[in-house]
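Each reported figure results from applying straightforward, stated rules to the coordinates on display, with no laboratory input. Quantities reported herein were computed from a predicted structural model and do not represent experimental measurements. Cβ coordinates were reconstructed from backbone atoms using ideal geometry, including for glycine residues, and neighbour counts include every protein chain displayed.
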Amino acid sequence: MALVADGGLAKKLNELGKERWECFQVVPPAGGQVTTFYFKRPAQSYLNNLPMKDLMHLLPLMGSGGDDGQ
């Protein structure tokens with residue numbers, strides 16, 4: 001996602017931050033261009049939101065590795 005800077009830059013950057021967007025690059029203006037900001041969102045793990053009882057059901061699947069020992 002790229003955002004071109006304008007008059008409400010600080011407000012827009014704060015809004016994007018609340019939505020978990022992180023600015024990873026700022027390209028300064030060259031010639032007739034404007035400053036461009038590049039954003040990314042970190043990956044979200046849904047395991048953090050699972051109740052412990054449900055997470056316990058997943059443990060046997062995580063530890064199996066697909067190897068039956070033969």
Note to self: Taking the Kirkwood radius as the inverse of the mean 1/r across Cα pairs, report the Rg/Rh of region 2-64.
What the structure shows: 1.31
Notebook entry, point to check: Given +1 on the Cβ of Lys and Arg, -1 on the Cβ of Asp and Glu, and no further charges, what dipole in debye does region 2-64 carry about its Cα centre, rounded to the nearest 20?
Noted result: 60 debye
